[in-house]
1. Residues in the stretch 179-187: is at least one in a strand (DSSP E or B), over 30 Å from Arg317 (Cα atoms) and within 24 Å of the chain's Cα centre (by Cα)?
2. Answer with yes or no whether Ala256 is touching a residue at least 24 places away in the same chain (Cβ under 8 Å) and assigned to a strand (DSSP E or B).
3. Hand me the list of strands (runs of 3 or more DSSP E) wholly inside the stretch 28-130 holding 3 or more residues that are among the hydroxyl-bearing types (Ser, Thr, Tyr) and in contact with a strand residue (DSSP E or B) (Cβ under 6 Å, 6 or more places away or on another chain).
4. For the stretch 70-104, what are the residues that are at pLDDT 80 or above and farther than 25 Å from Asp385 by Cα?
5. Name the residues in the stretch 132-158 that are closer than 18 Å to Val199 by Cα and either touching a Gly at 6+ places or on another chain (Cβ under 9 Å) or not in a strand (DSSP E or B) (or both), would you?
6. Pick out, from the stretch 294-353, the strands (runs of 3 or more DSSP E) lying fully within it that include 3 or more residues that are more than 24 Å from Arg380 (Cβ to Cβ).
7. Picking from Val85, Val132, Val140, Val127, which residue would you name as being among the β-branched types (Val, Ile, Thr), surrounded by 17 or more Cβ atoms within 10 Å (Cβ to Cβ) and not assigned by TED's automatic domain parsing to the domain that holds Gly374?
8. Could you tell me which of the residues Val349, Val342 is more than 20 Å from Leu276 (Cα to Cα), at pLDDT 95 or above and of a type in the set (Val, Ile, Thr)?
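The values are calculated or read from the model by the stated rules, or taken from the named source; none is laboratory data. Here the structure is a predicted model, which means the values were calculated and not measured. Here the Cβ is made from the backbone with ideal geometry for all residues, glycine too, and neighbour counts use every protein chain on show.
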Amino acid sequence: MATVPSDPMPEGASLVRLEVVRPGGSLATVLELAGEVTVAGVKERLRDALGVPLEQQRLALGLDLLPNDRRLSELQRPTKSEQTVSLTLVCTRAWSAISGSGDRSLRLWDLSSGLSLRELHGHRSSVRCVAVDWTAQRAVSGGSDHVLLLWDLERAEALRKLVGHASEVTCVALNWSMRQALSGGCDRTLRLWDIEAGVMLREFWSHRRDVMCVFVDWEGERALSGACDKKLLVWDLARCCLMRELRGHEAEVSCAAVDWPSTRALSGSRDGTLRLWDVLRECTLLVLRGHSHWVWCVEVDWAASLAVSGSGDHTLRQWDLVRGDCLRELKGHSSFVWSITVDWASLRVLSAGGDCTLRLWDLGSGRQERELTGHGSSVRCVAADWGAGAELGAAAC
């Protein structure tokens, strides 16, 4: 450990001696900085001194994680103009992502650098959907070739092929601990799989057109699906029966998210709207209008009553689910926004577009932070490991 030299001090500015320790208590470094320096500025110095990427750093004072705009002078006790402040440096995992494309490949990405780490080849046609267990390093992808593939992400190797759908596989949900996946396809069915054995366990029929999305409560053995028949259906997975039917969209339903404890759902459609549902009462609570084209994807922070959607109008929109207002519009894609994944803790969004790119956004400012290129065709699906849940007691940097 070495003390990092202080920056030149403006005349009359207060000096803060900053001790940065790891979660176990060991000293990482000492900084001497002006009181006007923000937490974001401290992180930049730590990046230079310790080599820890900015997006992996969390700084805590006691048990409180500090926001980037907090000034060091605000952390001092008012009785002293010059004193030592001790902060704990907690590191999250690097941000990673996987995407699937019309070029028949999946790609693993390092979101910190924007670099493509490896390519996964196995599908014979467009990759339409992907679901991941990042801890186990396993993924399941579905494609226009009618099959699902189980992947070992570390070895970039397809372990198993799941055959049964009679048309394109459009959506999939994965529970690796149960070794199960639920998929939907253009053959109008949902299929429950034992992915370790590679066999289909159950088949669900009721939709009259292509199934476009599925959202699963694995513990409660329930699922919600949306389809081109304009309906959302709620299923009992154990009894293989239909529980509820939600009607209201005027066109195809393409995406949905569910909060099972509150029995609310949010869906998006080709009619350009999102609908907030009371699933138990089978009724619409709120209609969100603003997109001028098909709504292809949506993610929700139910606790904060916020949502982000992506559309064929080339934009992403952030929504207030209480008032129904559009809070922010994100522009940058030059084609359809097919898929998104959101880290609500860091307010980051990763979007996949028909312009062959993925784009990383700061949801707080609406600014595009990075563009990821490499796919040779439309990027249809994306999932990310945000390294979420930085907590005191996490592994040291």
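1. If we filter the stretch 179-187 for residues that are in a strand (DSSP E or B), which is where we start, we get 180-185.
With over 30 Å from Arg317 (Cα atoms) added as a condition, the list becomes 180.
After this cut, where a residue has to be within 24 Å of the chain's Cα centre (by Cα) as well, the list is 180.
Yes: the stretch 179-187 contains one or more residues that are in a strand (DSSP E or B), over 30 Å from Arg317 (Cα atoms) and within 24 Å of the chain's Cα centre (by Cα).
2. For Ala256, the condition - touching a residue at least 24 places away in the same chain (Cβ under 8 Å) and assigned to a strand (DSSP E or B) - is met.
3. Output list reads 83-91, 96-101.
4. Matches in the stretch 70-104: Arg70, Arg71, Leu72, Ser73, Glu74, Leu75, Thr84, Val85, Ser86, Leu87.
5. Ser141, Gly142, Gly143, Asp145, His146, Val147, Leu148, Leu149, Leu150, Trp151, Ala158
6. 326-331
7. Step by step, each of Val85, Val132, Val140, Val127 is checked, and only Val85 is among the β-branched types (Val, Ile, Thr), surrounded by 17 or more Cβ atoms within 10 Å (Cβ to Cβ) and not assigned by TED's automatic domain parsing to the domain that holds Gly374.
8. On the way: Val342 fails: more than 20 Å from Leu276 (Cα to Cα).
It is Val349.
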